[in-house]
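Undergrad: So that we are looking at the same thing, I have put the structure below in structure tokens.
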Amino acid sequence: MQITPGSSPPAKRSGRWLARAAFYTHLWLGVLFTVALLSISITGILLNHKRGLGLMPEVDHEPAGEFTTALPLATLADRARAATLPAIGASPIDRMDVRPRNGYVKVRFRDPASTEVTVEINDGSVLHVGRRGDVFLEKLHSGEAFGDRWVLLSDAAAIALTILLITGYWLWLVPKWRR
């Protein structure tokens with residue numbers, strides 16, 4: 001094969017093509033996913049520090065007994081619902097977070113304020129009733145705040161971030177290797 005002036009050998013062409021593809025992939029994925037990646041990053045940082053920011057209630061409590069003597073979950077859920085009945089009505093339970101080591105269960109309701117009730121697992125006493133300030137951040141972080149289909153945007157942003165990292169390292173390392 002003869003190389004004419006102004007042309008390059010095939011090996012260098014494929015390297016240039018790959019570098020150019022990496023550059024434009026990196027550029028346009030960065031442009032398209034900047035807002036999503038920034039919001040996921042910022043909400044992730046805030047969620048990591050939710051206790052310090054006062055977004056999650058801290059309940060200091062010593063367990064009243066062993067986990068083996070705990071009341072059934074249905075009973076604990078009923079006690080939590082009774083504690084919130086005047087304020088939030090008959091909102092359904094979103095989740096229950098059982099913490100045997102701490103001796104309590106956190107019952108979160110599906111109401112606009114994301115009310116959470118902390119109930120002692122052995123005697124069923126209500127330890128805390130309040131709003132969870134981190135629920136909106138969690139939903140924003142996952143994309144769920146805009147509807148269930150927006151969760152796919154969070155997944156796409158994670159894939160885009162992976163591609164951005166790979167292409168960024170490619171664009172940074174390959175010229176160094178060539179030297």
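The values are calculated or read from the model by the stated rules, or taken from the named source; none is laboratory data. Bear in mind that the values here come from a model prediction, so they are computed numbers and not experimental data. Because the Cβ atoms are built from the backbone with ideal geometry, glycine has one as well, and the counts that use them run over all protein chains shown.
Undergrad: Hey, residue 63 hits all of (1) in contact with a Leu (Cβ under 6 Å, 6 or more places away or on another chain); (2) modelled with pLDDT of 85 or more; (3) part of a loop (DSSP other than H, G, I, E, B) but one; which does it fall short on?
TA: (1)
Undergrad: Also, I was wondering about something else. Test of understanding: among 106, 139, which residue is of a type in the set (Lys, Arg) and within 14 Å of residue 40 (Cβ to Cβ)?
TA: 139
Undergrad: Starting from region 77-93, take each residue that is surrounded by 13 or more Cβ atoms within 10 Å (Cβ to Cβ) and list its partners that are polar (S, T, N, Q) and not in a helix (DSSP H, G or I), counting only C-beta distances under 6 angstrom and pairs at least six apart or across chains.
TA: So the pair list comes out as 84/115; 88/115.
Undergrad: Quick one: would you say residue 167 is touching a residue at least 40 places away in the same chain (Cβ under 8 Å) and in a strand (DSSP E or B)?
TA: Against the criterion (touching a residue at least 40 places away in the same chain (Cβ under 8 Å) and in a strand (DSSP E or B)), residue 167 does not qualify.
Undergrad: Output the residues belonging to region 7-21 that are at pLDDT below 85 and either outside any helix (DSSP H, G or I) or among the small types (Gly, Ala, Ser) (or both).
TA: 7, 8, 9, 11, 14, 15, 19
Undergrad: Another question, then. Quick one: count up the residues across region 140-177 that are surrounded by 17 or more Cβ atoms within 10 Å (Cβ to Cβ) and either more than 30 Å from residue 22 (Cβ to Cβ) or β-branched (Val, Ile, Thr) (or both).
TA: Count: 2.
Undergrad: Regarding region 94-117, can at least one residue be identified that is crowded, with 20+ Cβ neighbours inside 10 Å, touching a Phe, Trp or Tyr at 6+ places or on another chain (Cβ under 7 Å) and in contact (Cβ under 8 Å) with a residue 12 or more places away in the chain?
TA: yes
Undergrad: Any chance region 141-149 includes a residue that's farther than 30 Å from residue 70 by Cα, touching a Phe, Trp or Tyr at 6+ places or on another chain (Cβ under 8 Å) and either in the same structural domain as residue 102 (by TED's automatic domain parsing) or not in a helix (DSSP H, G or I) (or both)?
TA: Yes, region 141-149 has at least one match.
Undergrad: Looking for whichever is under 30 Å from residue 129 (Cβ atoms), at pLDDT 85 or above and either not in a helix (DSSP H, G or I) or not assigned by TED's automatic domain parsing to the domain that holds residue 126 (or both) here; the options are 76, 71, 29, 55. Which one fits?
TA: Only one candidate passes the filter, namely 71.
Undergrad: With at pLDDT 85 or above and not assigned by TED's automatic domain parsing to the domain that holds residue 76 as the only criterion, which of 103, 124, 168 stands out?
TA: 168
Undergrad: Among 90, 160, 113, 156, which is the only one that is out of contact with any Ser or Thr (no Cβ under 9 Å at 6 or more places or on another chain) and farther than 25 Å from residue 42 by Cα?
TA: On inspection, the qualifying residue turns out to be 90.
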